[in-house]
Amino acid sequence: MIATENFVQLHREDNIVVCRKRAMKGLEIIINEQGITLNDTIDVGHKIACKSINKGDKVIKYGVAIGSAMADIMQGEHVHLTNLQSDYIDSHTRTGVNSQSKILHSILGKQT
Amino acid sequence: MNAYLRADGRKGIRNITLVCYLVECAHHVARKIVDKCDDDSVHLIGFSGCYPNDYALTQLSQLIQHPNVGAVVLVSLGCEGFNREALIEVAIKAKRPIETIVIQQSGGTLLATSLGIEAVKKVQAATPIIKVTLPLNELVVGTICGGSDGTSGISANPAVGFCFDLLLKDNATCIFEETGELIGCEQIMAERAVTVELGQAIERAVHKAENYYRVMGYGSFAPGNAEGGLTTQEEKSMGAYSKSGNSPISGLIKPGDIPPSSGLYLMDVVPDGDPLFGFPNISDNAEIVEMIASGAHIILFTTGRGSVVGSAISPVIKVCANPETYRNMSGDMDVNAGKILEENISISTVGDEIYQQVIAVKNGQQTKSEQLGHQEFILTYKQFVPTGPSCLPTR
């Protein structure tokens, strides 16, 4: 279990916990009786692994799969767009590879 | 006795006069009329397209006879494709005073604007004011999430779900929506359906949404969702889903369908047939408009990143999921659900607070977005086939 006020586990089968209070880089937290130092600052609403997750494993939140790990994820690591992908439909960001950014690159005369 | 009894028997919680433009070319004149009336109860709505569309006609037909609406002024350029005669007929049948300004027949912008202002005064004077009580079993409440983040699904959304369960115990009608934001939740929703056939229809509706969004190239997932900690569509879906509470699902409706009886309804907002007109709903207010067209008196809007919108016609109660956002934008928020995360306050306590807000707003209390003058409205092209019989409960 999580011995910190910064994170909350939503379901006992989850392999991630959700940040409910901003947690600064370097903060020591205890997950499953193991001390872990955060490598990144984690903002409210973001999630970290509370168990190690292998590439291809399902990431579990609310007790259900919310996608698959694209890389091995260590306990305490930020779980987000770089290591988790949807099993349904890709997510996008403002700067992601999509038609909008290609158009912008062509307007700005950059190589795509 | 704070509700308004309409001549067709429906009861509204506000007494709105609509000024409705029927093509973008009439938008400016319609806006000038509304601005010059300088009356918070005169709201601007309309449809920008010049090509006729059954969906747009259905939505505007339902909106001009919404129980919160007392009277209507239509603003037409004159040559557009919209079937304004059909709208006039709807208003007359629903006994709503209606006047029509046709700009090309009125001598242009200035004359049409002054005629429009007179028309607003005329229909307002012709609106009978009969105050009654609106019992909860006649109340329709819709819910939507906008600007969701990683807190939405663990604070504001389940609190709204708790409020929905309370309202449903009072035999109110509750609507949740955006099948594209319920991708991944289709099986659990199907299990909550009151009949097997309805469950199958819900699964088909979500699969349609998944296919539609795939063709569009984007899921219903904005960059701000990711900045707020959400990573995947199904993660966002699970959070959105919790707005629906735990009650059985009574029916599956399409935009503009009026629920035939009390209960919890899922609105299928994704067009039928081949993807034709682009994204199902281009922004949050498009979904709000559809729930209002289906009779919603009040909208519960949950937000994590911080939306500021309200709506024309029906009040929007904003429930803020993220405590940091609440501190930053409290002037726009009606309920702080972020305290669930920071102060260990239970979901049921905040759910009850939302329920009390619904009753207060029903009884006339203004929401923050109403006080700030938010009256957003958007209506675009879509196509639907009528709702099948297996989707609706028998009376």
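Looking at the structure I just gave you, is B:K243 crowded, with 23+ Cβ neighbours inside 10 Å, at pLDDT 95 or above and part of a helix (DSSP H, G or I)?
Yes, satisfied.
Would you be able to tell me the number of residues in segment A:33-54 that are among the polar types (S, T, N, Q), away from every other protein chain (no Cβ under 14 Å) and closer than 29 Å to B:S148 by Cβ?
Number of matching residues: 3.
Of the residues A:I29, A:I42, only one is at pLDDT 95 or above and open to solvent by less than 60 Å² (accessible area, probe 1.4 Å); which?
Going through A:I29, A:I42 in turn, just one is at pLDDT 95 or above and open to solvent by less than 60 Å² (accessible area, probe 1.4 Å): A:I42.
I'd like to verify a number: residues in segment B:196-253 that are under 19 Å from A:Y62 (Cα atoms), in contact with a Phe, Trp or Tyr (Cβ under 7 Å, 6 or more places away or on another chain) and at the interface with chain A (Cβ under 8 Å from one of its Cβ atoms), how many?
3
Evaluate the following for B:P135: is it without any contact (Cβ under 8 Å) to a residue 12 or more places away in the chain and closer than 30 Å to B:D268 by Cβ?
Criteria met by B:P135.
Of all helices (runs of 4 or more DSSP H) completely enclosed by segment B:254-366, which ones contain at least 2 residues that are open to solvent by 10 Å² or more (accessible area, probe 1.4 Å) and more than 14 Å from every other protein chain (Cβ to nearest Cβ)?
B:284-293, B:347-362
Pick out the one residue from B:I144, B:I154 that is in contact with a Leu (Cβ under 9 Å, 6 or more places away or on another chain) and more than 10 Å from every other protein chain (Cβ to nearest Cβ).
B:I144
List every residue pair whose Cβ atoms sit under 9 Å apart, with the two residues 6 or more apart in sequence or on different chains, where the first one lies in segment B:321-332 and is more than 15 Å from B:K368 (Cα to Cα) and the second, anywhere, is of a type in the set (D, E) and part of a helix (DSSP H, G or I).
B:P323/B:E342
Here are some residues: B:I317, B:I292. Which one is within 16 Å of B:A56 (Cβ to Cβ) and modelled with pLDDT of 95 or more?
Of B:I317, B:I292, the one residue that is within 16 Å of B:A56 (Cβ to Cβ) and modelled with pLDDT of 95 or more is B:I292.
Quick test for you: out of B:I253, B:I288, pick the one residue that is in contact with a Pro (Cβ under 7 Å, 6 or more places away or on another chain), closer than 17 Å to B:E178 by Cα and assigned by TED's automatic domain parsing to the domain that holds B:N157.
Every option except B:I253 fails the conditions.
The values are calculated or read from the model by the stated rules, or taken from the named source; none is laboratory data. Here the structure is a predicted model, which means the values were calculated and not measured. FYI the Cβ positions are ideal-geometry reconstructions off the backbone, even for glycines, and counts take in every protein chain you see. SASA here: full protein model, heavy atoms, side chains in, ligands and nucleic acids out. Shrake-Rupley method; radii C 1.70, N 1.55, O 1.52, S 1.80 Å.
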